[in-house]
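Throughout, read-outs are computed from the coordinates displayed, never taken from laboratory work. Please read these numbers as outputs of a predicted model, since none were measured by experiment. All Cβ positions, glycine included, derive from the backbone under ideal geometry; neighbour counts span all protein chains shown.
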Amino acid sequence: MPVQIEHPTRFKYISKIIFQISLLLAFWWIGSILQSLFKLPVSGAVIGLFIVLTGLLTGFFKLEWIKSGSDFILGELVLFFIPCFVGLIKYKHLFLTEGWQLIFAVILGTICVMVVTAYSVHLGFQFENKIKNNRSQSLRNIDQDGK
């Protein structure tokens, strides 16, 4: 029976995802170093995300450099919540006595996250459309000047 060799594009894709996740982890690590160095009250992960956001907005690096890795992480996000459910099982007595407060906090937090996320996505789309309109307008101006 012949041995099947894996397609080279699959290997490239997996390598790309590993590299991009490593790049995101590097920003997290840099953010953690900055947080401990300057004793900032913000998490190192949040600082790392702001570094990534600043780099993307200034054009220092392109979205394509981290898109596949971040899409992979978002796709596997459910796995990061498993420890939360293990904690619920471990502290069952706390959940039974004060569960209504926890449920209220979770529902309120979820609503807040959904509202802020929806508004952020809305602003992002507006910003993206504004950039596209500016580019197309400048291209039209170049075409008119060239004719």
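Points worth noting:
- Lys/Arg +1, Asp/Glu -1 at C-beta; region 84-147 dipole; positive extreme among 141, 119, 91: 141
- Cα-based shape type of region 75-120, given that a ≥ b ≥ c are square roots of the gyration tensor eigenvalues and the cut on a/c is 1.5: oblate
- Here is the list for region 32-115: trypsin sites (Lys or Arg not before Pro) lying in DSSP coil, each with at most 13 other C-beta atoms within 10 angstrom of its C-beta, are 39, 62.
- Sparsely packed loop sites in region 72-147 (the GluC sites (Glu not before Pro) outside DSSP H, G, I, E and B with at most 14 other Cβ atoms within 10 Å) comprise 76.
- Cα-based convex hull, the chain, per residue volume (Å³, whole number): 232 Å³
- Its DSSP H runs of at least 4 residues, each contributing -39,500 (n - 2.57), put the calculated 222 nm mean residue ellipticity of the chain at -28500 deg cm²/dmol, to the nearest 500.
- Nearest-ten-degree value, helix 8-38 long axis tilted from longest Cα axis of the chain: 70 degrees
- Each residue of region 58-64 was assigned a 3J(HN,Hα) from its phi angle through the Karplus curve 6.51 cos²θ - 1.76 cosθ + 1.60 (θ = phi - 60°); the sequence is 7, x, 4, 9, 9, 4, 4 Hz, with glycine and proline shown as x.
- Debye-sum result for region 15-82 in log10 I(q)/I(0), which assumes one identical scatterer on each alpha carbon, at q = 0.12, 0.13, 0.22 Å⁻¹: -0.34, -0.40, -0.98
- Count of Lys pairs (Cα-Cα under 22 Å; at least 8 positions apart or interchain) in the chain: 8
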